[in-house]
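All remarks here apply to the structure that follows.
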Amino acid sequence: MASSLLNGERAVVALFVGRVVFSLPLSLLPHGLALSLLAISALVLDVVADSSAALLSRFRTRPGASSGILLGAVTLPTVMISKMIQLSRAFSLGQVTYQELESLSMQYWAISASSLSVLIFLCITIWCTPENKPPSSLPSFWLILSCIVLHTAVCCVTLGTSSLTSSEAALKLSWMLCHGLAVVKLIQHVFRTFPSCASVGEACLVASGLVLYFGDMLAYTIAKVSGFLIKSDMVQYGSKTSEINIIIQGLLLGLLLFPMVFKLVLRLCECSFTTARFEVRTKNEIWRSIIFFSSLGFIMIVLIPAWMQFVQDFQMHPFIWVLSFIFSEPLKRLSLCAYWVCVICVSVLRFYNISKNSKIERILLRKYYHLMAVSMFVPALIFQPKFLDLAFGAALAVFLALEIVRVWRIWPLGQFIQKFMSAFTDHRDSDLLIVSHFSLLLGCALPIWLSSGNNDRPLSPFSGILSLGIGDTMASVVGHKYGVLRWSKTGKKTIEGTAAGITSVLAACSVLLPLLASTGYIVTEHWISILVAVTVSGLLEAYTAQLDNAFIPLVFYSLLCL
């Protein structure tokens, strides 16, 4: 047990959590205590799961990956508590209201409850499979149970001692419980629908993030329907939202729910026609394609915009609002769009031809897209950050739509997309679900979305671009070509590659900070904090067996917020 605890990934995660906890102000000590208890229980369960075949065999996780329970359970809660530290500084200066800080605190407790619910579910799963459970794991389960009980007690005491009525406290606890149950059901659905596509930690991160994000939409909708009997700022991320945020949420929710709608439409068609006639029609790819795109168009043009207008009180159709937003500064934004289109077309065609005709390893070929992300996103983030927010949402929606077309093999694009995407996949992708391009886009976008509003750390929005576009790329290239000293006997990551990644990010920061200062940003970062953030995220890239595009930007962002 002791030797198995000495794992590089777990040590880096412990360093990450410890750095955040020791940065807490006194007002956030209960949150830090809850995070520590969550990390301890996740660490113990991570060790138990990796030493037992029960969990991996039960869920059919991604081959070659460890369970990743510790990293998956603590990443989002640590991100939220880092954001709270940042917001507490702004509150002490009178730049934000107490309601905004309380709203973010509620988001922290909700995501913490989600991670705790996943740990409870995993414990029950392992415990109910006694033939695969090591006999020595009984004390570990008692330790996990103790941490879970203490975490719950800390949460209840914190909410009970705040300036809330009993009904408000009960409502918040109910909201947290709903988050936990929803995350557990979503994780089960992910492993059942997409077997061998994710580790437990990756599934935990994705499920918790989706429930947190779309819980915000549910809160707004409930507030509107109930006539504001339930205050949306009690459960949403921040006390304010924007038209851009609502548009992105609507697009993503519509696309994620569309496969269920498409299945329902096909079943209705089956009930409407005789069996023989229906089989003839559904075997016709053109007819199936018509049903697909008609259903998709109805949802994205009629239903989802109707929800957007109901929640946000748009004075026009949301898509017309988008056009008005773009043409409010036509020269800058249209020029940026033209630049993006040129970069994408030239890069994609060039890299696709290389992938077919060259013997360059796929891992290096994929890093060209990381560099492409740097060239596309850095100028936009400096000069057009709001437009970049919208562009990220549009790009993610396009990726989701294309992936749905690929998975369902919709004529005429399905086979072509499958052939094109297979040129860039690696061991972390499967024919069932390709996630690399999603993780790269979200890795760059999430720090930018999280930094919207009050932000006294100008480098934090660049977390994804720096860590993935520069650090990860340089680590892979240098490690592959010149690396000799490996971090472990079984891994491929080298000390030379990690050193190159850390050095390149520090060099990029030294260039970016004066550039930001020259454009009017107030630079408040300290080099010691930057060095710690870059080093910890670089070590995590070296040790983790998880999908690093998803975790490293969030870890880097959290440490830069301190």
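The values are calculated or read from the model by the stated rules, or taken from the named source; none is laboratory data. What you see is a predicted model; the values in this text were computed from it and never measured. With ideal geometry, Cβ positions are generated from the backbone for all residues, glycine too; neighbour counts draw on all protein chains shown. Accessible surface areas use protein heavy atoms only, side chains included; no ligands, DNA or RNA. Shrake-Rupley method; radii C 1.70, N 1.55, O 1.52, S 1.80 Å.
Just grab the label-to-label distance for HIS189 and ALA394, each label 7 Å out from Cα along the Cβ direction, in nm (one decimal).
2.9 nm
In square angstrom, rounded to the nearest 10, how much accessible surface does CYS123 have for a 1.4 Å probe?
20 Å²
Suppose every K and R has +1 on its Cβ and every D and E has -1 on its Cβ; what is the size of the dipole of the chain about the Cα centre, in Debye to the nearest 20? Don't skip to the end; give the middle numbers.
On the way: 39 positive and 28 negative charges, 266 e Å.
It comes to approximately 1280 debye.
Accessible area per residue for the chain in Å², computed with a 1.4 Å probe and the full protein assembly in place, what is it? Don't skip to the end; give the middle numbers.
Numbers: 25530 Å² over 562 residues.
Ligands and nucleic acids excluded, the figure is 45 Å² per residue.
Take the solvent-accessible surface of the protein heavy atoms, probe 1.4 Å, and return the percent of it on the chain that carbon and sulfur atoms account for.
Here it works out to 70 percent.
What's the extension gain from ILE222 to ARG409 if we count 0.36 nm per residue and subtract their Cα-Cα distance? Walk me through the numbers before you get to the answer.
Values: separation 187, 0.36 × 187 = 67.32 nm, distance 3.67 nm.
That works out to 63.6 nm of additional length.
Along segment 203-215, what does the Karplus equation 6.51 cos²θ - 1.76 cosθ + 1.60 (θ = phi - 60°) give for ³J(HN,Hα), rounded to whole Hz, x for Gly and Pro?
Those phi angles translate into 5, 5, 4, 5, 5, 5, x, 5, 5, 5, 5, 7, x Hz.
Assuming R0 = 35 Å, can you tell me the calculated FRET efficiency for the pair CYS269 and PHE310, based on Cβ-Cβ distance, to the nearest 0.05? Could the numbers behind the result be given before it?
On the way: r = 29 Å, r/R0 = 0.84.
Given R0 = 35 Å and the Cβ-Cβ separation, E is 0.75.
Between ILE495 and LEU531, how high is the FRET efficiency from 1/(1 + (r/R0)^6) when r is the Cβ-Cβ distance and R₀ = 25 Å? Nearest 0.05.
Details: r = 18 Å, r/R0 = 0.70.
Computed FRET efficiency for ILE495 and LEU531 comes out at 0.90.
Quick query: amide H of HIS317 versus all other amide H atoms, modeled in the peptide plane; which residues come in under 5 Å with a sequence gap of 5 or more or a different chain?
none
Please give the length that would be gained between SER23 and VAL261 if that part of the chain were fully extended, namely 0.36 nm times their separation in residues minus their C-alpha to C-alpha distance (nm, one decimal). Mind showing how you got there, number by number?
Working: separation 238, 0.36 × 238 = 85.68 nm, distance 4.66 nm.
Gain on stretching SER23 to VAL261: 81.0 nm.
Give the shape of segment 396-492 as rounded, prolate or oblate, defined through the alpha-carbon gyration tensor: a ≥ b ≥ c are the square roots of its eigenvalues, a/c under 1.5 means rounded, and otherwise the shape is prolate if a/b is larger than b/c and oblate if not. It would help to have the intermediate numbers written out before the result.
Values: a/c = 3.04, a/b = 1.19, b/c = 2.56.
Because a/c hits 1.5 or more and a/b fails to exceed b/c, segment 396-492 counts as oblate.
Which of the trypsin sites (Lys or Arg not before Pro) found in segment 459-562 are loop residues per DSSP with 11 or fewer other Cβ atoms within 10 Å of their Cβ? Can you show the working numbers first?
Details: sites: LYS481, ARG486, LYS489, LYS492, LYS493; in loops: LYS489, LYS492, LYS493.
Filter output for segment 459-562: LYS489.
Looking at the square roots a ≥ b ≥ c of the eigenvalues of the Cα gyration tensor of segment 410-562, which shape do they give, rounded for a/c under 1.5, prolate if a/b is larger than b/c, or oblate? Don't skip to the end; give the middle numbers.
Working: a/c = 2.32, a/b = 1.33, b/c = 1.75.
Oblate.
Just name one of CYS197, LEU257, GLN86: the one whose Cα is farthest towards the positive end of the charge dipole of the chain (beta-carbon charges, Lys/Arg +1, Asp/Glu -1).
The residue sitting most towards the positive pole is CYS197.
With a cut-off of 8 Å between alpha carbons and a minimum separation of six or more residues, what is the relative contact order of the chain in percent? Numbers along the way, then the final one.
Working: 683 pairs, mean separation 96.3, N = 562.
It comes to 17 percent, rounded to a whole number.
Per-residue HN-Hα couplings for segment 117-127, Karplus 6.51 cos²θ - 1.76 cosθ + 1.60 at θ = phi - 60°, whole Hz, x for Gly and Pro?
5, 5, 4, 4, 4, 5, 4, 4, 4, 5, 5
Say each of THR125 and GLU329 gets a label point 7 Å from the Cα, pointing the same way as Cα to Cβ; how far apart are those two points in nm?
Label-label distance for THR125 and GLU329, simple model: 4.6 nm.
Going by accessible area, probe 1.4 Å, with all protein chains left in place, what is the ranking of PHE319, PHE387, largest first? Could the numbers behind the result be given before it?
On the way: PHE319 70, PHE387 10 Å².
The ranking, largest first, comes out as PHE319, PHE387.
Using only the alpha-carbon atoms, what does the chain span along each of its principal axes? Please give whole angstrom values in decreasing order.
62, 61, 61
For VAL21, tell me the accessible area in Å² from a 1.4 Å probe, rounded to the nearest 10.
Per-residue accessible area (VAL21): approximately 40 Å².
Using θ = phi - 60° and the Karplus form 6.51 cos²θ - 1.76 cosθ + 1.60, what ³J(HN,Hα) does each residue of segment 469-475 get, whole Hz, x for Gly and Pro?
x, 10, x, 5, 5, 5, 4
Evaluate the distance, in nm, between pseudo-label points positioned 7 Å from the Cα of VAL302 and of TRP287 along their respective Cα→Cβ axes.
2.2 nm
Out of residues 5 or more away from ARG486 or on other chains, whose amide H comes under 5 Å of its own, with H placed 1.01 Å from N in the peptide plane?
Amide H to amide H, under 5 Å and 5 or more residues apart or across chains, ARG486 pairs with ILE495.
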